[in-house]
Structure formats: structure tokens, C-alpha cells
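Have a look at the structure below before the remarks.
The values are calculated or read from the model by the stated rules, or taken from the named source; none is laboratory data. All values derive from a computational prediction rather than experimental measurement. So basically every Cβ, Gly included, is an ideal-geometry build from the backbone, and we count neighbours across all protein chains shown.
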Amino acid sequence: MKNTALTETHKTLGAKMVPFAGYNMPVQYEGVNIEHETVRNTVGVFDVSHMGEFLIEGEHALDLIQKVSSNDASKLTIGKAQYSCLPNDNNGIVDDLIIYKIKEETYLLVVNASNIKKDWDWIQSKNDVGATMRDLSEDYSLLAIQGPKAIEAMQSITSYDLSEIKFYNFVVADFAGIEHVIISATGYTGSGGFEIYCKNSEVKQIWDKVLEAGANFGIKPIGLAARDTLRLEMGYCLYGNDIDDTTSPIEAGLGWITKFTKNFTNSEALKAEKERGSERKLIAFELDDRGIPRQGYDIVDGNGKTIGTVTSGTMSPSLSKGIGLGYVPTIFADVNSKINIQIRKKTIPATVVKLPFYKN
């Protein structure tokens, strides 16, 4: 089990630690609901240093990225980031990721912790253009400072005007007494804020100063359990649950990051799927009665026939109702369609809804 540079700090703070993607990670401190509400209403800080970071450089860096990713990275300018995915050869997804243009011919790819080796091997196998690749995952830490008070709470520890950083933009600036930190207006919660990339040797100082600066704003450390409920309320896909090697970006509702203005891995097959329509779709649903949908529960039609599976589900702390995502045949995917979730021996009625569940 790997540790992040802050593992001992989390233990000191009383975090419940669990194995996650090969890392020893804090799942919660005070409790999921308290931590969830903290991020929705004020500001919280997550240690997400288990994520992977690859640097792709050289005159053919963009060529490689364009070949392996579904979105159009040629649209990126320095200081901008882009959500994308890595399609495989079989209409599935190797991983989803964020691509940052650091400077001309230099890109940072941020990938999921559980897929670091898989992604590295996949991209390397496609690198016949001679791009330089470096895996920085073991050397860098990542903090997510999320919530509506994030700008106000963090402004005192940087000379850069944080309100100037637009969504999916980033700067390299001083932060918490450290020079040259990436401050990125990205996140996985839907409540605004920043992600901070720094060296492992710098992260403890940054963590301490973040908590100090945010004290008057009610900042709290937040665990992975609340990260999951926050992202699900926004309908953001989680790799391994809602998307994987067997789900296409088209059926997963990721057509918006799948650009057919260029050729990329499996683009012809994905384009054909988009034109003819997918046989199944990832839907969002809310339970009409009490209950908590969980990953793996059956989705059934009015006759009790299984038509799909819940890929993510929880009791929404913000909405106080059961919500979830799952794949069903396209005929059941229209908003306001009625479906049922099999929760143990009970069949609970549910309604297909438009994302996000949580509307700010």
C-alpha cells in the first residue's frame, strides 16, 4: 500500500484510512454528510495526491495527445485545461483525464490513480512519433480546495488574484510561501475552487497554510467518501463505475468531449456509433420513494424484467433522496421515463432526470 506525503497528517487529524487505488487514503474525518455540506456551503480541502501526472513534451507532443485522446487538444492555449478521455480499440475507454497546456510543446496529463500504469503503457504503445514522456506521479502531490468560499479563503496566501482564474484555466504562481505552484480552477465537486499541484516536499507546508488561511471561513479536511457524493450530485462519471473499458464515450454521454474534427484511436467506430445512435445510454435517476440505490443493483422495467444496472448510487446529502446513474436501453433513457430499482427484495420506483442532480 502506497502512502501520500500527507498520510501521517491525516492519521493525526483522526481520519479513517482505507485502501484506495493502491494508496492508503482518508475516506472521512468527521462524517460524510458534514464534510459534504462543508464543501457545498463554505470550503474544504482534499488530499488527492494519489492521482497520476504525466508530462508529454517535444515537437510531437501534440501529435501524440491528439492520437490518443478524444477531445481536440489543438484548441488548448497556454494556461488552459481540457477534460478528455483515452478511447481503446474496442469502443471502450482506457481512462478519463485532464490535459493541461503548460507551455508550447509541453503538456501535463492528469489521470486516475487506479490507471496510472495502464494509461502509461497505453500512451507509450501509441508513441510512434517520438514525443518525450515522463511519469511524475511519484514526485508530485495534489490538493483540491473546493467550495464557494475557496477564493476568499485562499487569497491571503497568494499574490495572484484568484478571481481572475476562469473555470478550466490555470496559472503557475506563488502559493502558501512556495514559488511556481500550479493553481488550477478545476475540481470534481461542482462547488468551485482550485486544485494545487506541488512537489511532495512542499505539500505539508501548503496543507498547513491552507487550513490556517481557511480557519475563519470554516475550512475542514474532506475525505474521499464526500468527494464521491459531491461528484455524483453533479453527475460526473467515475472511472471503474460509470465508465470503463467496455463503455463507449457516446453511450456514457461524453459525446461533448469526443471531437470528430480529427482522427484518434477508434474514431471511425465511435463516429459510426454517434451517427446510428447507441443501443444503451447512461441515465441519471431519482428514487420516487425512500431507499438508497447502490452500485450493482438491478434496474427493472414495469414488468420486473432487468433492463440495466446501477453504476453509481447514494443518498444525496443535498437533496435528501436516493440518486444514481446506470445504463439502460435507449428506449428507457428519455427524461421523465419511469424505471424501478431493485433494492434487496423491494422494487422502488424511480424517474429519469436531467443532470446535474444538484443545481447551485
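Meeting the requirement of 1 or more residues that are aromatic (Phe, Trp, Tyr), the helices (runs of 4 or more DSSP H) wholly within segment 26-138 are 116-126.
Among the residues of segment 311-331, those identified as surrounded by fewer than 20 Cβ atoms within 10 Å (Cβ to Cβ) and over 28 Å from THR38 (Cα atoms) are PRO329, THR330, ILE331.
Screening segment 12-44 for residues that are over 25 Å from PRO317 (Cβ atoms) and of a type outside the set (Ser, Thr, Tyr) and picking the one that is modelled with the lowest pLDDT gives GLY22. For segment 334-345, the condition holds for at least one residue, the condition being that it is within 30 Å of VAL39 (Cα to Cα) and in contact with a Phe, Trp or Tyr (Cβ under 9 Å, 6 or more places away or on another chain). Please indicate, with yes or no, whether at least one residue in segment 172-191 is touching a residue at least 60 places away in the same chain (Cβ under 8 Å), at negative phi and in contact with a Ser or Thr (Cβ under 9 Å, 6 or more places away or on another chain). No: segment 172-191 contains no residue that is touching a residue at least 60 places away in the same chain (Cβ under 8 Å), at negative phi and in contact with a Ser or Thr (Cβ under 9 Å, 6 or more places away or on another chain). Filtered by the rule that a residue be buried (at least 22 other Cβ atoms within 10 Å of the Cβ) and not in a strand (DSSP E or B), segment 150-175 gives ALA150, ALA153, MET154. Per the listing SER184, SER248, SER191, the residue uniquely assigned by TED's automatic domain parsing to the domain that holds SER278, at pLDDT 95 or above and buried (at least 22 other Cβ atoms within 10 Å of the Cβ) is SER248. The single condition from (1) crowded, with 16+ Cβ neighbours inside 10 Å; (2) without any contact (Cβ under 8 Å) to a residue 24 or more places away in the chain; (3) assigned to a helix (DSSP H, G or I) that GLU8 fails is (1). When GLY14 is tested against (1) in a loop (DSSP other than H, G, I, E, B); (2) in contact with a Lys or Arg (Cβ under 7 Å, 6 or more places away or on another chain); (3) under 20 Å from LEU143 (Cβ atoms), exactly one condition is not met: (2). Residues that are crowded, with 20+ Cβ neighbours inside 10 Å, touching a strand residue (DSSP E or B) at 6+ places or on another chain (Cβ under 9 Å) and modelled with pLDDT of 95 or more: does segment 303-310 have at least one? There is at least one residue in segment 303-310 that is crowded, with 20+ Cβ neighbours inside 10 Å, touching a strand residue (DSSP E or B) at 6+ places or on another chain (Cβ under 9 Å) and modelled with pLDDT of 95 or more.
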